[in-house]
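A.B. asks: Got a structure for you, written out below as structure tokens; questions coming shortly.
The values are calculated or read from the model by the stated rules, or taken from the named source; none is laboratory data. A quick note: this is a predicted structure, and the numbers were derived from the prediction, not measured. Counting neighbours? That spans all protein chains shown, and the Cβs are built from the backbone with ideal geometry, glycine included. Ligands, DNA and RNA are stripped out before the accessible areas are found, and what is left, the full protein with its side chains, is counted by its heavy atoms. Shrake-Rupley method; radii C 1.70, N 1.55, O 1.52, S 1.80 Å.
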Amino acid sequence: MVSALKGILISCDIPMAQYIINLNESMPFAQKFIVYILDDTHIFVQPHVADMIQKRLEEFRDQNTYEKPL
């Protein structure tokens with residue numbers, strides 16, 4: 001019998017994938033969202049966490065952005 005799951009495929013570079021994996025590992029067991037890690041740059045996640053992941057990635061990017069002093 002075939003089993004199908006709804007989800008979102010995230011395609012990103014290796015550092016962002018590692019950040020998402022670490023974010024998943026920091027969650028309690030009941031809130032883990034990664035369904036399957038396909039390879040170094042593709043991750044299949046549950047669909048209800050798309051906004052949360054996007055928000056966390058934006059916060060991470062904003063914290064690590066260099067601005068040249070005036």
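A.B. asks: For the chain, which whole percent of the accessible surface, found with a 1.4 angstrom probe, sits on carbon and sulfur atoms?
C.D. replies: C and S atoms contribute 56 percent here.
A.B. asks: Test of the criteria: in the chain, which chymotrypsin sites (Phe, Trp or Tyr not before Pro) are in a DSSP loop and have at most 13 other Cβ atoms within 10 angstrom of their Cβ?
C.D. replies: Tyr66
A.B. asks: Taking every pair of Cα atoms in the stretch 1-55, average 1/r, invert it to obtain the Kirkwood radius, and report Rg/Rh to two decimals.
C.D. replies: With Rh from the inverse mean 1/r over Cα pairs, Rg/Rh is 0.96.
A.B. asks: Please give me, ordered by residue number, the trypsin sites (Lys or Arg not before Pro) of the stretch 4-70 that lie in loop per DSSP and have at most 12 other Cβ atoms within 10 Å.
C.D. replies: Here the sparse-neighbourhood loop sites are Lys6.
A.B. asks: Can you compute the helix-only [θ] at 222 nm over the chain? Use -39500 (n - 2.57) per DSSP H run of at least 4 residues, normalise by all residues, nearest 500 deg cm²/dmol.
C.D. replies: -12000 deg cm²/dmol
A.B. asks: Please compute the length gained on full extension between Thr65 and Asp39, using 0.36 nm multiplied by the number of residues separating them and subtracting their Cα-Cα distance.
C.D. replies: 6.7 nm
A.B. asks: What number, in percent, do you get for the relative contact order of the stretch 11-70 if the mean sequence gap of Cα pairs under 8 Å and at least 6 apart is divided by its residue count?
C.D. replies: For the stretch 11-70, the relative contact order is 28 percent.
A.B. asks: Let me ask something else. Rolling a 1.4 angstrom probe over the protein heavy atoms, how many square angstrom per residue are accessible across the chain?
C.D. replies: Value for the chain: 82 Å² per residue.
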